[in-house]
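Before any comments, here is the structure.
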Amino acid sequence: MKKQNFVIAGMLSGAVMMLLSSCLAINAKKIVEPPYLPPEEAFADAGEQEKNFKVYYSSSKSPVIDGDFSEWEGLDGVRVRRMVYGGMFNPENTDGLFKVRADDSFLYIFADIDDDEPQENKFPAPQGWRDDSIEFFFGTDTGYHTFYKSTDHRVRIVPQSKTNKSAYDVSVNDVSMVGSIKASVVYSEHGYKIEAAVPFSLLSVKKLKPKQKVRGDFQINDADGGKERARLIHWNSGKDNTYLDASSWGDGVVVALEEAGNE
């Protein structure tokens, strides 16, 4: 009798498993690859892509975060022109130049964004990607990896006011960092400029040194017409994956500011 009950129980268990498997198969959602890449001709007038971004290091000179951007003049930057979505690249709609500096305590970011319709962003930084904003991805571990390591970080800076250069929001890995990161934003009729100082302590960095290799990417979120993001543009990655896949970032190198001829 016990053996018979065991057999019946086994048959019932198998039937339940088959039923569950059938339900799962019926209700399973088909994964559709998003249309990340625009047509090939979208890159036709985007210009030559820089192979590396530079981090200009100096132990004695640091930019002042005050909305006067003259301290960034003469430094090489990277153009953010790789369309992830939003149609073909058009510099009259959106274009951007990013530069990076460092001293012994901070990483400094500068962005000069051309935008035919610059908007004030009212979203908090963790959701600031939904309107005009910039993002900077940075890591010191150059070994191949996809998931973020403890040294990989995403900094998002959200401009909030066309009249108050000190009005902004900021996050690191989608955690609000207001009060920990100083920034300044200046709007114009055709875009906006941002400079910011990010403490090394928020980036798991002790110190950078000349010739050190790093990894990173740059991103522009662009919204028009009072609506949410319509264009997403990167420096390196052609997909909307930089926020979760560090292998999609590009290469960078630390160079001595003085050796670069920028006294």
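The values are calculated or read from the model by the stated rules, or taken from the named source; none is laboratory data. Remember, predicted model here, so these are calculated numbers, not experimental data. Neighbour counts run over all protein chains shown; Cβ positions are idealised from the backbone, glycine included. All accessible areas refer to the heavy atoms of the entire protein, side chains included, with ligands and DNA or RNA removed. Shrake-Rupley method; radii C 1.70, N 1.55, O 1.52, S 1.80 Å.
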- prompt: For residue 236, which sequence-distant residues (separation of 5 or more, or a different chain) have an amide H within less than 5 Å of its own amide H, given hydrogens modelled in the peptide plane?
  reply: 218
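Given a Förster distance of 30 Å, report the FRET efficiency between residue 178 and residue 244 from their Cβ-Cβ distance, rounded to the nearest 0.05.
0.80
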Distance (nanometres) between label positions extended 7 Å along Cα→Cβ at residue 151 and residue 228: 3.6
task: Scan region 84-163 for GluC sites (Glu not before Pro) in coil per DSSP, keeping those whose Cβ has at most 11 other Cβ atoms within 10 Å, and list them by number.
output: 92
field: Accessible area, probe 1.4 Å, largest first, for residues 201, 105, 133
entry: 201, 105, 133
message: List the pairs from 54/149; 207/227; 51/207; 99/206; 122/207; 162/209 whose alpha-carbon separation is above 29 Å, in the order I gave them.
response: 207/227; 122/207; 162/209
